[in-house]
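Single-structure report; data block below.
The values are calculated or read from the model by the stated rules, or taken from the named source; none is laboratory data. Note that the structure is a prediction, hence the values are computed from the model and not measured. Every residue, glycine as well, gets a Cβ built from its backbone with ideal geometry; the counts of neighbours run over all protein chains shown. Heads up: the accessible areas ignore ligands, DNA and RNA and are worked out on the full protein's heavy atoms, side chains in. Shrake-Rupley method; radii C 1.70, N 1.55, O 1.52, S 1.80 Å.
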Amino acid sequence: MMCRLLQIERSGYYAWRRDCDLEPAPESRAGRRVVLADRIHSLWEQSRRVHGARRIHADLLSDGQMVSLWLVRSIMAELKICGLQPRVTRRTTVASPEAGSREDLVRRQFCPPVPTTMLVGDITYLKTG
């Protein structure tokens, strides 16, 4: 009725309304995403920016929020936030207590006078029994 009185198209009214920076109603889908985005960002900040989507999803479920993991991932992608993956450090060489010290056959001479007189290699990267 208002569109008829103002002599404007209905689609023009809805386009104008969409472009206005009005907060969506909290009960709407967009409003729920805004509320969840605030909560997800605060949980991420509380975890010192470490927790990823799975941990935040678990935190939201424990708070009583029914939300899918996909939605949490989607909102985190919109906010451009992500969790940190811990780096695995592996110890490659463990010296045996009864092993003696190795003799220095190269005598710290790493540039021999004649090429191919000393061949040295490192095989610690190979997995052995």
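Of all residues being of a type in the set (Val, Ile, Thr) and under 11 Å from Ile40 (Cα atoms) in the range 68-93, which is surrounded by the most Cβ atoms within 10 Å (Cβ to Cβ)? Just the residue, please. Full working, then the answer.
As a first pass, look at the range 68-93 and keep what is of a type in the set (Val, Ile, Thr): 72, 75, 81, 88-89, 92-93.
This time we only want the ones that are under 11 Å from Ile40 (Cα atoms), so: 72, 75, 81.
Details: Val72: 24, Ile75: 21, Ile81: 18.
Filtering the range 68-93 for residues that are of a type in the set (Val, Ile, Thr) and under 11 Å from Ile40 (Cα atoms), the one surrounded by the most Cβ atoms within 10 Å (Cβ to Cβ) comes out as Val72.
The rows are residues; the columns are (1) assigned to a loop (DSSP other than H, G, I, E, B); (2) touching a Lys or Arg at 6+ places or on another chain (Cβ under 8 Å).
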{"site": "Ser74", "(1), (2)": "no, no"}
{"site": "Leu84", "(1), (2)": "yes, yes"}
{"site": "Arg87", "(1), (2)": "yes, no"}
{"site": "Thr93", "(1), (2)": "yes, no"}
{"site": "Pro97", "(1), (2)": "yes, no"}
{"site": "Arg102", "(1), (2)": "yes, no"}
{"site": "Pro113", "(1), (2)": "yes, no"}
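Each residue in the range 6-44 was checked for being among the basic types (Lys, Arg) and either touching a residue at least 40 places away in the same chain (Cβ under 8 Å) or surrounded by 10 or more Cβ atoms within 10 Å (Cβ to Cβ) (or both), and 4 of them qualify.
Restricting attention to the range 53-62, does a residue exist that is open to solvent by less than 80 Å² (accessible area, probe 1.4 Å) and within 18 Å of Gly31 (Cβ to Cβ)? So far as the range 53-62 goes, yes, one or more of its residues are open to solvent by less than 80 Å² (accessible area, probe 1.4 Å) and within 18 Å of Gly31 (Cβ to Cβ).
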